[in-house]
Every structure is written in C-alpha cells, then in structure tokens.
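This report refers to the structure that appears directly beneath it.
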Amino acid sequence: MPLKLRLIKRLLEVFLWIRHPKMVLYFIRRTGVFPNIFCPQTVNDKFLWRKLFDHDPRFVILSDKLACKDWVAARVPELNIAPVRWIGASAASIPPELLGKAVLLKANHGSATNLFLSENPFSEEKIDTTIHGWLTYDHGKEHREWAYAHIDRKVFIEDEIRPQTGELEEVKVFTHGRDAVRLHHIGDRFGNKWANTWDITADGELYISPEPDRIVPPNDAKPLPNTVDDAVSMARKLGAEFDQLRVDFIFDGEAWWLGELTVYNEAGYVYLPSANDANSRFSQAWDIRKSAFLNDLNLTGFRRFYASILKQYLERASS
C-alpha cells in the first residue's frame, strides 16, 4: 500500500469520526466496538457507512411500503402481495365498509405501524390519533436512516393476510446480490413469539445457525416451511440489484406473501459476533464495491474525492 494512500486513509478516518460524532457514539453504545467508517469491514460498519454515504434513490422505493409493491411485482410476479383498499390521511375518509373487516391500517414510511381494524371497533378519534402519530414521526431521524426521510408519508389499508392452515409464519432472508447468507424463521408474533435462525452456505445449503436470536427463544419443534426454497429464490431475485437487502415474507401455510423490504436491518445494528467480525461470511458477503455510491459517476466535492480514495484503497487491499 503506497505511503501517500495510507496517510490519506488515516486523515479521512479521523475526519469522518469528527464529522459524525453522534453516529460514532451511537455505534459504540449499540455494538460495543469502534466503527471503521472510511473503509467498512464488518456488517455493522457497512450499515453505518450506508447511512452516511450510500444514498441510493432506489432505497426510498424499497423502504416505502406502498411503492415497493409495484417494484416487487415487476420482478417476482409469482409472489402474492396484499391488495391496497384505501390511501388517505384521516379516519373520516376511510370507507365505512372497510371498518371491522379483515384489513390492516398501516403507514408507508416506518416500522411498528400496524392497526388491525378487524380486532376492535376503534373509534374515529382513536384512528385519527393513531394516524397523526404515525405521520408526524420521522422513523429515520434518530439513526440517520436516510431513505425514510425521503418517503412521501401516507397511511393506507390493505387486506389482512390470514393463515390457511396453522399459524402465520415469517421468513426474513438476508441477501447480498444473488447470494443469500442468513434466514430468520419467526412465528406466533402476537403470542409466545419464537424465532429460529439459519445460516446459508455459498452453495445454498441451510443449517441451524450457531448464533440464534438473542431476544426471542427458538422453537425446535417448528421446521421450515417445505417450500422455503421458493422464498429464498425470490429473495435472491429481489436482492440481485443491491450489495445488501433483507427480504421479508409471510407464509400462510400454503402460499408466500410479501412482507417488506429492509435497507437498514434493525435500524442498522446487528447484535451478533459475526456482524462485528470482518472475516465472517456474514461480513465478507457484503461487497460495498457493488454499492450505488461507489458506482455513481455524478458525485461532486468531498463525496467524489472520498469515493475515489476508497476505490483505490479497496483495489489495493484486494490485490
């Protein structure tokens, strides 16, 4: 590595820490390690780097629970997608015939914004208060999740997905391009929630991960759906255009449905040793050279200079 490039790297590392002190402190508090911002090496480094630099316009579409439906349908038409019945901003404009039906009120710009209208006879005041709270909350502000800040905020009603047999199950697939590296299988979300974690080899073989979920207990009696390979295949198609993407599915016992697409997993923090290990498959599968930022020919100013230095450094490091 040329001396000049090493010196520039060190100067940029110090500069980026000084420029983003709040994010650095958040990162240390959440992960227990110091970040490498200049040239991210681990999964958690790369999530932080994505927040600060990789502002791919497509991330806004992926993070928008309404806009992503058409985007997904164009790429995997075989995947079921819950139909949207209404889009609006107040309870008064909700068609009366939808209230009390098997539908779900949601916001398009964040997480944990779900109201099951079939479960309770919510008052118009309650619905309006909920909608106001959702629309005024910026889900990306605290942890600098850039894409959320650029979503045109809306609330909408879509059909509730209900189990055809057994209970609804969720499968979350972590992809890096066409490579899938990890899978979470979750059930009984509103009861005794369980989560089984699987790793995926480069050859596509699934095996129980030595790093289970730290919060939710596993359930060894729950096998993966027998068509899970279909979900992984669809996730690979959806993730093919990006250096990293989490693709979430819902399984109703018979068919697969779109859950959501996630650009910033758990706000960009993964509480696993492998996510802080630069040599793990989880970290190495994520190649930031495939990011939109490092392939953007229209960068200017500091971002252009930094991208140029980083590409030189990555090229030298890989040779």
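Key figures for this structure:
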| quantity | calculated |
| --- | --- |
| Residues Ile87, Ile94, sorted so that the one with the fewest Cβ neighbours within 10 Å comes first | Ile87, Ile94 |
| Using distinct alpha-carbon pairs, which all enter the 1/r mean, Kirkwood radius of the chain in Å | 21.2 |
| Nitroxide proxy distance, nm - points 7 Å out along Cα→Cβ at Asp70 and Tyr137 | 2.8 |
| Two-decimal Rg/Rh across the range 37-169, once Rg and the Kirkwood Rh are taken from alpha-carbon atoms | 1.03 |
| Taking Ile18, Ile288 and counting other C-beta atoms within 10 Å, the order from fewest to most | Ile18, Ile288 |
| Computed over the range 83-159: relative contact order in percent, which uses C-alpha pairs under 8 Å that are six or more apart | 46 |
| DSSP-assigned coil residues among chymotrypsin sites (Phe, Trp or Tyr not before Pro) in the range 180-285, each with at most 16 further Cβ atoms within 10 Å | Phe190, Tyr271 |
| Local electrostatic count, Asp199, Cβ distance below 10 Å [Lys/Arg +1, Asp/Glu -1] | 0 |
| Within-12-Å neighbourhood charge of Arg85 [Cβ basis; K, R +1; D, E -1] | -2 |
| Compactness relative to 2.2 N^0.38 Å, alpha carbon Rg of the range 92-212 | 1.33 |
| Pairs beyond 18 Å (Cα-Cα), from Lys106/Lys237; Lys51/Lys237; Lys69/Lys154; Lys9/Lys51; Lys172/Lys193; Lys172/Lys237 | Lys106/Lys237; Lys51/Lys237; Lys9/Lys51 |
| Linear extension gain, Asn219 paired with Thr201, 0.36 nm per residue minus alpha-carbon span | 4.3 nm |
| Over the chain, relative contact order from alpha-carbon pairs under 8 Å, at least 6 apart, % | 21 |
| Residues with amide H under 5 Å from that of Asp213, placed H, sequence gap 5 or more | Thr197 |
| In nm, spacing of pseudo-spin labels at Ala112 and Asp188 (7 Å Cα→C-beta vector) | 2.2 |
| Given 16 as the ceiling on other Cβ atoms within 10 Å, longest exposed-site-free region of the chain for trypsin sites (Lys or Arg not before Pro) in DSSP loops | 215-319 |
| Pair Ala149, Glu241: separation of 7 Å Cα→Cβ label points (nm) | 2.3 |
| Neighbour cut-off at most 15 other Cβ (10 Å), DSSP loop, GluC sites (Glu not before Pro), the range 102-157 | Glu119, Glu142 |
| Highest-fluctuation residue, Ile186, Ile28, Ile200 considered, GNM on the chain with Cα pairs under 10 Å | Ile28 |
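Computed from the coordinates by the stated procedures, all read-outs in this text should not be read as laboratory data. Treat the numbers as computed from the prediction; the structure is a model and nothing was measured. As a convention, Cβ positions derive from the backbone with ideal geometry for all residues, glycine included, and neighbour counts pool all protein chains shown.
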